[in-house]
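The values are calculated or read from the model by the stated rules, or taken from the named source; none is laboratory data. This is a predicted model, so every value here is computed, not measured. Here the Cβ positions follow ideal geometry from the backbone for every residue, glycine too, while neighbour counts run over all protein chains shown. Side chains included, ligands, DNA and RNA excluded: accessible areas come from the protein's heavy atoms. Shrake-Rupley method; radii C 1.70, N 1.55, O 1.52, S 1.80 Å.
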Amino acid sequence: MRPFTYTKAATATDAVRAIAAAGRGARFLAGGTTLYDLMKLDVEVPTSIIDINFLAELGGFDTSGSRELIFGALARMSDVAADERLVHDYPALSESLWMAASPQLRNMASLGGNLLQRTRCPYFRGGEPFACNKRKPGSGCSAKEGINRGHALLGGSESFNELILRIRVPATPLGVASTFHKIRDRESFSFALASAAVAVQMEADAVREVRIAVGGVATRPWRARSAEQMLVGRQLTAQAARAAGEAALQGAKPSDDNRFRIELGARTVTDALMIARQRAFRP
């Protein structure tokens, strides 16, 4: 264990001031489910930790609003997942939380911390002797010639160290016929090989509105707008869903070990769309 200073913040303002004063080596501590792991691996070596768990104003959430749902950044994943309104009116949100990690981690992990997870690349998390530009800029990237089965097919990302206060989700009738579909190597404590969050609103047999985002195959949740556009105004048949699934993975750049996830991702989107369609017609 390396030495570090510890500060317990009393307010969000105190937390921001503390991390600004501590400099680049400072980290916020919320649930700790990622930070502690990375500290054990010497991937994260903070010189100062600012504990924000006592900021009561960030711990609650309110799903009763007619215009938006509000989630405090410190709300625990398991508490939010069990919310009755989310389960009934926004099942995709509830399911995405229930399918994350393990029961023990969901009881500890915060929503804000979950959004700010560091990259899941094993070469980043494995530490030395593996080269990693995200961990040590300019050192190289072992992933390029290494095992890349779990690596992203779409996009790129940057990391940052910010204090999230709240997450606001616009209220929408689209949430009722929604689902989160996740494919992984095992049912618990595994990152997604492919996932899809889908919501539809039907008018008779045709799609009135649709939202599609894929996960696991990109460096962040990846909105599939082209797939959405090709469904609007059409019947949501299995064939149309499959075509949308293929469109959602357009532009993917696979490596040798993760090429199979293009097909897996397309099938995941297809299945999610058909689940959402079924929910659109339930009583």
Please pick out the residue among 199, 240 that is at negative phi, touching a residue at least 40 places away in the same chain (Cβ under 8 Å) and not polar (S, T, N, Q). 199
Restricting attention to the stretch 265-283, does a residue exist that is under 18 Å from the mean Cα position of the chain (by Cα), surrounded by 13 or more Cβ atoms within 10 Å (Cβ to Cβ), among the hydrophobic types (A, V, I, L, M, F, W, C) and modelled with pLDDT under 95? no
Quick check on residue 178: is it farther than 23 Å from residue 254 by Cβ, touching a Ser or Thr at 6+ places or on another chain (Cβ under 6 Å) and of a type in the set (Ser, Thr, Tyr)? no
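Please find, among 223, 208, the residue that is in contact with a Gly (Cβ under 9 Å, 6 or more places away or on another chain), modelled with pLDDT of 95 or more, closer than 30 Å to residue 66 by Cβ and open to solvent by 10 Å² or more (accessible area, probe 1.4 Å).
Details: 223 fails: in contact with a Gly (Cβ under 9 Å, 6 or more places away or on another chain).
Only one candidate qualifies: 208.
From 175, 215, which residue is within 27 Å of residue 120 (Cβ to Cβ), open to solvent by less than 20 Å² (accessible area, probe 1.4 Å) and not aromatic (Phe, Trp, Tyr)? Steps first, please.
Values: 175 fails: within 27 Å of residue 120 (Cβ to Cβ).
Among 175, 215, only 215 is within 27 Å of residue 120 (Cβ to Cβ), open to solvent by less than 20 Å² (accessible area, probe 1.4 Å) and not aromatic (Phe, Trp, Tyr).
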Counting only residues in the stretch 11-24 that are exposed (fewer than 14 other Cβ atoms within 10 Å of the Cβ) and over 17 Å from residue 58 (Cβ atoms), the one farthest from the chain's Cα centre (by Cα) is identified as 21
Failed criterion for residue 148 (all others in (1) polar (S, T, N, Q); (2) open to solvent by less than 40 Å² (accessible area, probe 1.4 Å); (3) at pLDDT 90 or above hold): (3)
Quick one: in the stretch 123-145, which of the residues that are open to solvent by 60 Å² or more (accessible area, probe 1.4 Å) and under 25 Å from residue 264 (Cα atoms) is nearest to the chain's Cα centre (by Cα)? 144
Just the residues that are open to solvent by less than 50 Å² (accessible area, probe 1.4 Å) and hydrophobic (A, V, I, L, M, F, W, C), please, taken from the stretch 226-258. 227, 231, 236, 240, 241, 243, 244, 247, 248, 249, 252
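Considering only the stretch 209-233, state which residues are over 12 Å from the mean Cα position of the chain (by Cα), under 15 Å from residue 180 (Cα atoms) and of a type in the set (Gly, Ala, Ser). Talk me through it step by step, then tell me what you get.
Filtering the stretch 209-233 down to residues over 12 Å from the mean Cα position of the chain (by Cα) leaves 209-212, 223-233.
This time we only want the ones that are under 15 Å from residue 180 (Cα atoms), so: 210-212, 223-224.
Listed by number, the list holds a single entry, 224.
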Only one residue in 106, 120 is in contact with a strand residue (DSSP E or B) (Cβ under 9 Å, 6 or more places away or on another chain) and either surrounded by fewer than 18 Cβ atoms within 10 Å (Cβ to Cβ) or not acidic (Asp, Glu) (or both). Which one? 106
From (1) of a type outside the set (Gly, Ala, Ser); (2) within 20 Å of residue 124 (Cβ to Cβ); (3) in a helix (DSSP H, G or I), pick out the condition that doesn't hold for residue 46. (3)
Filter the stretch 31-50 for residues that are aliphatic (A, V, I, L, M) and modelled with pLDDT under 95; the one that is surrounded by the fewest Cβ atoms within 10 Å (Cβ to Cβ) is 45
Residues of the stretch 60-103 being open to solvent by less than 50 Å² (accessible area, probe 1.4 Å), of a type in the set (A, V, I, L, M, F, W, C), in contact with a Leu (Cβ under 8 Å, 6 or more places away or on another chain) and part of a helix (DSSP H, G or I), in sequence order, are 77, 80, 81, 86
Going by the conditions given, is residue 41 closer than 30 Å to residue 180 by Cβ and touching a residue at least 60 places away in the same chain (Cβ under 8 Å)? yes
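Among the residues of the stretch 159-175, are any basic (Lys, Arg) and within 23 Å of residue 80 (Cβ to Cβ)? It would help to see each step written out before you state the result.
Keep residues of the stretch 159-175 that are basic (Lys, Arg), which gives 166, 168.
In the following step, the residues that additionally are within 23 Å of residue 80 (Cβ to Cβ) were identified as 166, 168.
Yes, the stretch 159-175 contains a residue that is basic (Lys, Arg) and within 23 Å of residue 80 (Cβ to Cβ).
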